[in-house]
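S.K.: Sharing a structure below in structure tokens format, with a few things to ask.
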Amino acid sequence: DDPMSVSDILLDVVSEARRVSELSGGAFDITVGPLVNAYGFGPGDPPRIPTEEELEALMARTGLGKLSF
């Protein structure tokens with residue numbers, strides 16, 4: 001929630017991700033890592049179905065629109 005400095009390279013990568021997201025109608029979203037992990041598709045996690053409460057908490061902090069520059 002607090003502002004922080006980022007490198008020009010990171011800013012370029014996130015800007016490109018935002019562009020691709022717009023081109024794909026939002027299908028491409030670099031913030032979905034926590035959701036991927038919740039379903040067990042992350043590194044080292046077995047597949048599972050997260051609870052509704054877990055999903056609600058993750059969705060509250062997921063989405064490219066939550067990033068600001």
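S.K.: Only residues that are of a type in the set (Gly, Ala, Ser) and within 14 Å of Gly65 (Cα to Cα): list them for region 12-52, please.
M.R.: Ser15, Ala17, Ser21, Gly25, Gly26, Ala27
S.K.: Please specify each residue of region 45-64 satisfying the condition of being assigned to a loop (DSSP other than H, G, I, E, B) and over 9 Å from Val32 (Cα atoms).
M.R.: The answer is Asp45, Pro46, Pro47, Arg48, Ile49, Pro50, Thr51, Ala60, Arg61.
S.K.: Residue check, Tyr39 against (1) loosely packed, with under 11 Cβ neighbours inside 10 Å; (2) at pLDDT 90 or above, all met but one. Which one?
M.R.: (1)
S.K.: Quickly run through region 1-44 and pick out the residues that are outside any loop (DSSP other than H, G, I, E, B), among the hydrophobic types (A, V, I, L, M, F, W, C) and under 14 Å from the mean Cα position of the chain (by Cα).
M.R.: Within region 1-44, Val13, Val14, Ala17, Val20, Leu35, Val36, Ala38 meet the criteria.
The values are calculated or read from the model by the stated rules, or taken from the named source; none is laboratory data. Just so we're clear, the structure is a prediction, and the values are computed from it rather than from any experiment. All Cβ positions, even for glycine, are placed from backbone atoms using ideal geometry, and neighbour counts span all protein chains on display.
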